[in-house]
Amino acid sequence: MVTHHIPPDAPGIATHLGVRRPRTDSLEKVTGAIRYAADTSRGDLLHARIVPSLYAHARIRSIDGAAALAAPGVVAVLTADDLPIRGRGDMRMFEPLARDEAVFAGQPLALVVAESEAAASDAVDLVVVDAEPLPTVIDLLDAMTPSSVPARVVPTGAVEDDEGAARAAHAAVGGRGADVDDERLSDNVTGRKRYVRGEAHEALAGGEVVVEGTFRTSWVYQAYLEPHVATAWLEPDGTLAVETSTQGTFYARRQLAKIFGLPASCVRVHGAPLGGAFGSKVIVVEPLVAGAALALRRPVRLALTRREDFAATNPASASAIELKIGANRSGQLTALEARLVFDAGAYTEWSIESIAAVLIGGPYQWAAFDVRAYAVRTNRFGTGSYRAPGAPQTVFALESLVDELAVRLGIDPIELRLANLAEPDTPMLDDEPWPRIGARECLEVLRGHPLWRDRASLPSDEGVGLALAYWPGGKEPAAAVCRLEPDGTLAVITGVVDMSGATNGFGLIAAQAFGVRPDQVRVVTVDTGSAPQSPLSGGSVVTYSAGRAVEAAASDARRQLLEFAALELEIDPGDLEIVDGTVRPLGSPERGVSVAILAEKAHDFGGSQPPIEGHGRTVPKSLAPSAAAHLVHVRIDRETGRVTVPRVVVAQDVGRALNPALVEGQMMGGTIQGIGWGLYERLVHDREGQLLTGSFLDYAVPTASSVPAIETVIVEVPAPDGPFGAKGIGEASVVAVGGAIANAVAAACGARPRELPIRPRWVWSVLRDGGGSG
């Protein structure tokens, strides 16, 4: 791994920012000392196991748990009627156990609760389920047709409108645009969105150069290290408490209160350390354990096995994208037509058609476009928000055709992209104005890279591909508290779940804003009963939104300390500064007093000054998209069709690299997951809806032996509303990898892949047949 750092044009890089530092929790994790959600103990704890549906679609006649109840150690067999559900809606969270109808294989039908995990597991097979199989809806496009059988027969009741929360967790885009209402489609189509400007069809019909294709991607599993797990219990005062491996404690509290008809103040959620999440860990198992604890009045834990996690959670959805784009002979993009279809699986929650309908335009300016996007119900598990939801699918399609246009026009692919980038304040597809985006800087870095310059000299079975992408980012309200302790250290109090080292960034932000060293800052994450309001960890929201709240809280605490120090030193607060833990008069550092001495005085018993405790409450005014461009070098084995990746270069705009070591980790991790999208990962169901790739024996992910050399180039285009210019970066690094791999394969073998992952059988067949588009 080689890293380059491209500094921003703006002067004044902060003292403590931009320095490589290890994560503060590294030692705990590598030594195994950290305690995840399944590792904590609780007295009188019961253990739960799910009884899964064997059918992808069936009417439930009865569930008989008598034999299981007679087994040693079994306390209860709970069905939907036993859980005190009050909310209703077409969402997994309101249907933690199927009531009348099973809608995917692996769906929880009942919950066996016992004194031990072993007893619960043994009793699952004793539960007798009488179910009548119903027609199964698996083919995505067939499910849309008016003649399709329904994937769900029994109505779910009024649907909770949670689109806003789901969209906020993805990104703050896709909110405008007319619904598509001029087509006759089946009731399986649960979401529609359309964006139109100009006369795209006419522009393409008379266009000088037009390329088109149909692109498919598969369902993709997040493949985190720790499966879903949660524990619920009742406090003595009746409060429902849940400790869970979740990405958002406040979001979980809000939804659990809705589900069980409780005041939010009567629900408390503890966020356990996360063993990976990538968008999956948002209200999946929590309703099961919460409902069981409310029903049985004892603590209940459910830790999914890996096979259950594969079959019953919320991976990234499959897609089918029809795309046509055009340009004039000089290389100006003219028009775009797209029809995007996403498999929503069994539920309507977290469907991504609205976001994808904007992302299909990429970071480019289009004179005319007509985009239609659909979410379609099938008898598969519900979809989730895997890293940059909707973006890997759309970028694969768009960047493949942009590359094809470049070949047809005889224009360098980077130059074609540079010439068509959207300018700030011009409208996106949904009419939101483009903010400044670092796409140009990323492309210019790669334009001069030797891997790109020398690509023509590679052997005939090798190729280099390029793809450009962006992630819009998100913006959420956030709050933070910054408290000066008696020993002079600073405590940052937040409710943010640390998914990617974000709390390390909070410590740097607070240190810089307050004026102490990073080792003098401690970040404390507390539960929803004590924490300030904190956003869901997802959609590249946390550093951008919550980090700004931390900066505001630390600045507020700094102001309070300076006012106290001014009294002690008999000097105006405006004539004081705090540098590396010392409060000193401007221009007279020798008269400085340490923060520790002042903190001790401020905490004297019977003191006359209020505590030094800063509060920050913020919401960013604008989006801060992160752009990333990838160069991927591939090598093809002509005997087997196997594609390997010897080298990847990724340039990403991160706004401001608070800690380059963590930034590089995000860029490399996203790149590796993108290689999984491009070459390996594929959840497959048979015609009856049975999952065929339900374990790591059948589901391939990139391994240490297949991970290439990854060169990272950090580009900094500061975000105006981000803390010290930082922006969210977790998503952009994964988005363009699949498209870059596809373009590299096209360069190596002369055929353009139209499906991800790119399988050896397809490569072998096109090599045998002499190339062409696949």
Margin query: Name the residue that is nearest to residue 523 (Cα to Cα), counting only residues in segment 24-65 that are without any contact (Cβ under 8 Å) to a residue 24 or more places away in the chain and of a type in the set (Gly, Ala, Ser).
Written below: 26
Checklist line | Search result, residues across segment 603-636 that are within 22 Å of residue 560 (Cβ to Cβ), in contact (Cβ under 8 Å) with a residue 60 or more places away in the chain and out of contact with any helix residue (DSSP H, G or I) (no Cβ under 6 Å at 6 or more places or on another chain) | finding: 603, 611, 613, 617
Note to self: Among the listed residues 438, 473, 463, 410, identify the single one that is on the phi > 0 side of the Ramachandran plot and either modelled with pLDDT of 95 or more or of a type in the set (Ser, Thr, Tyr) (or both).
What the structure shows: 410
Next item on the list: Please go through segment 700-719 and pick out each residue that is surrounded by fewer than 14 Cβ atoms within 10 Å (Cβ to Cβ) and in a strand (DSSP E or B).
Entry: 709
Notebook entry, point to check: Do any strands (runs of 3 or more DSSP E) lying entirely in segment 603-699 carry at least 3 residues that are open to solvent by 10 Å² or more (accessible area, probe 1.4 Å) and under 30 Å from residue 550 (Cβ atoms), and which ones are they?
Noted result: 613-618
Notebook entry, point to check: If you scan segment 339-359, which residues turn out to be open to solvent by less than 10 Å² (accessible area, probe 1.4 Å) and either of a type in the set (D, E, K, R) or within 30 Å of residue 208 (Cβ to Cβ) (or both)?
Noted result: 340, 341, 343, 356, 357, 358, 359
Next item on the list: Can you give me the number of residues within segment 115-174 that are assigned to a loop (DSSP other than H, G, I, E, B) and either aliphatic (A, V, I, L, M) or at pLDDT below 95 (or both)?
Entry: 23
Next item on the list: Tell me, yes or no, whether segment 726-738 has at least one residue that is within 17 Å of residue 388 (Cβ to Cβ), at pLDDT 95 or above and over 21 Å from the mean Cα position of the chain (by Cα).
Entry: no
Item checked: Number of the condition not met by residue 506 [criteria: (1) open to solvent by less than 10 Å² (accessible area, probe 1.4 Å); (2) assigned to a loop (DSSP other than H, G, I, E, B)] -> (2)
Next item on the list: Report yes if residue 562 is assigned to a helix (DSSP H, G or I), closer than 22 Å to residue 15 by Cα and free of Cβ contacts under 8 Å to residues at least 60 places away in the same chain, otherwise no.
Entry: yes
Next item on the list: State which residue is farthest from residue 225 (Cα to Cα) when the search covers only segment 52-63 and only residues that are open to solvent by 80 Å² or more (accessible area, probe 1.4 Å) and in contact with a strand residue (DSSP E or B) (Cβ under 7 Å, 6 or more places away or on another chain).
Entry: 61
Margin query: When you scan segment 372-380, do you find a residue that is open to solvent by 10 Å² or more (accessible area, probe 1.4 Å), within 23 Å of the chain's Cα centre (by Cα) and within 24 Å of residue 315 (Cα to Cα), even just one?
Written below: yes
Margin query: Here's a check for you: in segment 437-495, which residue that is assigned to a loop (DSSP other than H, G, I, E, B) and of a type in the set (S, T, N, Q) is farthest from the chain's Cα centre (by Cα)?
Written below: 460
Item checked: All positions within segment 28-51 that are modelled with pLDDT of 90 or more, under 27 Å from the mean Cα position of the chain (by Cα), of a type outside the set (Phe, Trp, Tyr) and surrounded by 11 or more Cβ atoms within 10 Å (Cβ to Cβ) -> 28, 34, 35, 37, 38, 39, 40, 50
Note to self: If I ask for residues that are among the acidic types (Asp, Glu), open to solvent by 10 Å² or more (accessible area, probe 1.4 Å) and within 24 Å of the chain's Cα centre (by Cα), which ones from segment 307-338 would you list?
What the structure shows: 308
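The values are calculated or read from the model by the stated rules, or taken from the named source; none is laboratory data. It should be emphasised that the depicted structure is a prediction, and the values quoted were computed from it without experimental measurement. Using ideal geometry, Cβ is built from the backbone for each residue, glycine included, and neighbour counts are taken over all protein chains shown. Heavy atoms of the whole protein, side chains included, go into the accessibility calculation; ligands, DNA and RNA do not. Shrake-Rupley method; radii C 1.70, N 1.55, O 1.52, S 1.80 Å.
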